[in-house]
Amino acid sequence: MIPMELCNLKHLSVIDLSHNNLSGQIPPCLKLTTLRDLDYVIVTMSGSSVFSLNVPIDFLMKNGYNSYKGRIIPLVSGIDLSCNKLVGEIPPQIGNFHKMLGLNLSHNSLTGSIPPTFANLKQIESVDLSYNKLTGNIPSQLVGLTFMSTFNVSFNNLSGRIPSRVAQFGTFDVFSYLGNPFLCGEPLAKCADTGSPPPKPNSTTENDDDYGLIDMGAFRVTVIASYTVMFLVVPIVLYINPYWRRAWFYYAKTVATSCYYFVLDNVLPRQFHCRN
């Protein structure tokens, strides 16, 4: 589990507990800030210091891990709890971390909905909630996150209409929403209430000749022609070839005899049988 003692740390800038075996819920009491908000942190480029900008930190931002070093470190703020076994709902208090740049909660078993408070993350650049069990709609308020360049909610149980493709949401492709069969709207399939006409059923009346899988008229003509040719060709061949004609009549006689004795032995009553 994520230790509750972390809630006592009031000056966390980056929380990275990814790729562990953590279970339980995300503590709603976590606090996140940025180093630039801490006036008393002494930062020097050389010599002894409480904190050194020369020490790089690695953090998952957008589509890969980046190494941050130097003056950019005070600006980095984010949470990465991906690839664990976390359950429960996403705490809405995460929306209070106004200066957070990256949030990755993917590959867990989180349930519930996406908190509308995420709309308060005005500086967020990357949100990855994929491979969870989230339900409900994607909050339409998220279209106001103008710095968000990566958004991934694939493989959840989300439903409803995707927010309008305005601002940053106009840049997200279908891969951001895969694995949510009840999501609809661009870039996925249209929603049922868009007024789009239903697909036309296959015509079975006057349009059969144009659209049917089988042309029934041509099929009937072909069958009739085949049987006609068979009944005409067989007598002609038997008339021309004496050997085939004798073989044919012998075969017909054999079949007729077999049928006669079969009926006599198995169908007719006993009184019709020969008596000794």
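The values are calculated or read from the model by the stated rules, or taken from the named source; none is laboratory data. Quick caveat: nothing in here was measured; it's all calculated off a predicted structure. Heads up, the Cβs are rebuilt from the backbone with ideal geometry, glycines too, and the neighbour counts pull from every protein chain shown.
Of all residues in the stretch 114-148, exactly one satisfies the criterion of being surrounded by fewer than 16 Cβ atoms within 10 Å (Cβ to Cβ), hydroxyl-bearing (Ser, Thr, Tyr) and within 19 Å of Phe97 (Cβ to Cβ), namely Thr146.
Checked against (1) at pLDDT 70 or above; (2) surrounded by 10 or more Cβ atoms within 10 Å (Cβ to Cβ), Ile240 passes all but a single condition, namely (2).
Of the residues screened, Val174 is one that is surrounded by fewer than 18 Cβ atoms within 10 Å (Cβ to Cβ) and touching a Pro at 6+ places or on another chain (Cβ under 7 Å).
Rundown of residues vs (1) in a helix (DSSP H, G or I); (2) among the hydrophobic types (A, V, I, L, M, F, W, C), yes/no style:
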residue: Ile114; (1), (2): no, yes
residue: Thr117; (1), (2): yes, no
residue: Ile124; (1), (2): no, yes
residue: Asn132; (1), (2): no, no
residue: Phe147; (1), (2): no, yes
residue: Phe151; (1), (2): no, yes
residue: Phe155; (1), (2): no, yes
residue: Gly160; (1), (2): no, no
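Count of the stretch 217-242 residues, restricted to those that are among the hydrophobic types (A, V, I, L, M, F, W, C) and under 48 Å from the mean Cα position of the chain (by Cα), is 4.
Remark: pairs (first residue in the stretch 235-246, in contact (Cβ under 8 Å) with a residue 40 or more places away in the chain and of a type in the set (Lys, Arg); second residue surrounded by 10 or more Cβ atoms within 10 Å (Cβ to Cβ) and assigned to a helix (DSSP H, G or I); Cβ separation under 7 Å; 6+ apart in sequence or on different chains) are absent.
The numbered conditions (1) surrounded by 11 or more Cβ atoms within 10 Å (Cβ to Cβ); (2) at pLDDT below 70 are all true for Pro197 except (1).
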